[in-house]
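First comes the structure, then the notes that go with it.
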């Protein structure tokens, strides 16, 4: 894996968004098994070791217990809206120069792509950096410090995408290696598709 620049003084933060209600899935999708481990554990593996501060924001006690077992800080809450999740995560990002938002339901996001976002931020620190596949931007998204006040005061129900859209002239992208990195699990069918994809890679 290629890490961001060694010896960098930049402090990178990471917020894993894990507060969805999984309505379409019918159960807590984040602990559904994929490839022998809970869905969110794949994301925790990809983000491990890359960030100065690293937190999972979740409404699910079972996710918080898993994070505790794995030594990852978790914020357990019962706030209703997406902007609440962002705000609670930002409260843990003191002194960070960047914050990367990673979705807990994108289990195949790669450490290499996350590191590429960090390298982009270090070379162009005034830009917002997004992962993209074939020209279509998605998540994860990295925000520099000048956006932090906006992230802390998002409109009700909104996420960081509002900030990226408001400053689209300052958005840059890195291309991920596969569409599967940006594939998020919303339904049992989505999980089955990912299971079949992983099985085909093993064959």
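Across the range 54-164, the relative contact order, built from alpha-carbon pairs under 8 Å that are at least six residues apart, equals 27 percent. Length available on full extension from residue 95 to residue 177: 0.36 nm per residue minus the Cα-Cα distance, which gives 26.4 nm. Test of understanding: extend the Cα→C-beta vector of residue 190 to 7 Å, then name every residue of the range 97-132 with backbone N under 14 Å from that spot. Counting backbone N atoms under 14 Å from the label point, the list is 103-109.
Over every Cα atom in the range 119-166, the radius of gyration and the widest Cα-Cα span, Dmax, amount to 11.3, 33 Å. The tail of the calculated P(r) for the chain, taken as Cα-Cα distances beyond 26 Å, holds 29 percent of the pairs.
When the helices of the chain are scored as -39500 (n - 2.57) per DSSP H run of n ≥ 4 and the total is divided over every residue, the value at 222 nm lands at -9500 deg cm²/dmol.
Of 16, 174, 193, the residue with the greatest mean-square motion in the GNM of the chain, using alpha carbon springs below 10 Å, is 193.
Any idea how far the Cα center of the range 128-182 sits from the one of the range 17-78, in Å? Using only Cα atoms, the two centres lie 21 Å from each other.
Each residue, residue 78 and residue 146, gets one label point 7 Å from its Cα in the Cβ direction; the gap between the two is 4.1 nm. Its relative contact order, with pairs defined as Cα atoms under 8 Å and 6+ residues apart, puts the range 12-202 at 25 percent.
Each value in this text was obtained by applying a stated rule to the coordinates, not by laboratory testing. Worth saying up front: this structure is predicted, and the values here are computed from it rather than measured. Neighbour counts are summed over all protein chains in view; Cβ atoms, including those assigned to glycine, are modelled from backbone coordinates with ideal geometry.
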